Amino acid sequence: PFPVELKAGKTYGWCACGYSKRQPWCDGAHKKEAPGLSPLRFTASRDGPALLCGCKRTRSPPFCDGSHKGDAV
């Protein structure tokens with residue numbers, strides 16, 4: 001997972017395709033590398049630290065749920 005600091009009320013674009021060079025944030029790479037995907041836009045509900053998923057298999061995007069520990073990753 002990517003440890004980040006979020007600001008309440010701010011909207012973020014989490015990379016859902018895995019091709020961004022600015023992980024965990026979207027840099028537009030999906031337009032060329034994965035045109036069927038788009039970033040997940042979310043607004044932070046509170047200030048503070050968060051763990052954002054890096055494996056892209058989370059069941060609670062954009063937040064890490066430990067899916068990276070599974071056999072498929």
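The values are calculated or read from the model by the stated rules, or taken from the named source; none is laboratory data. Keep in mind the model is a prediction, meaning the values are calculated, not measured. Because the Cβ atoms are built from the backbone with ideal geometry, glycine has one as well, and the counts that use them run over all protein chains shown. What goes into the accessible areas is simple: the full protein's heavy atoms, side chains included, and nothing from ligands, DNA or RNA. Shrake-Rupley method; radii C 1.70, N 1.55, O 1.52, S 1.80 Å.
Residue 21 fulfils the conditions (1) at pLDDT below 95; (2) assigned to a loop (DSSP other than H, G, I, E, B) except for a single criterion, (1). Check the range 19-41 and report whether any residue there is in contact (Cβ under 8 Å) with a residue 24 or more places away in the chain, open to solvent by 50 Å² or more (accessible area, probe 1.4 Å) and at positive phi. The answer is no, given that none of the residues of the range 19-41 is in contact (Cβ under 8 Å) with a residue 24 or more places away in the chain, open to solvent by 50 Å² or more (accessible area, probe 1.4 Å) and at positive phi.
Which one of these does residue 32 not meet: (1) out of contact with any Pro (no Cβ under 6 Å at 6 or more places or on another chain); (2) closer than 11 Å to residue 1 by Cα; (3) not in a loop (DSSP other than H, G, I, E, B)? Residue 32 satisfies every listed condition except (2).
Which residue is surrounded by the most Cβ atoms within 10 Å (Cβ to Cβ), if the candidates are limited to the range 42-55 and must be assigned to a loop (DSSP other than H, G, I, E, B) and of a type in the set (A, V, I, L, M, F, W, C)? This residue is 53. Among the residues of the range 56-73, the ones that are in a loop (DSSP other than H, G, I, E, B) and either in contact (Cβ under 8 Å) with a residue 40 or more places away in the chain or more than 13 Å from the chain's Cα centre (by Cα) (or both) come to 9 in all.
Scoring residue 22 on the criteria (1) more than 12 Å from the chain's Cα centre (by Cα); (2) farther than 12 Å from residue 1 by Cα leaves a single failure, condition (1).
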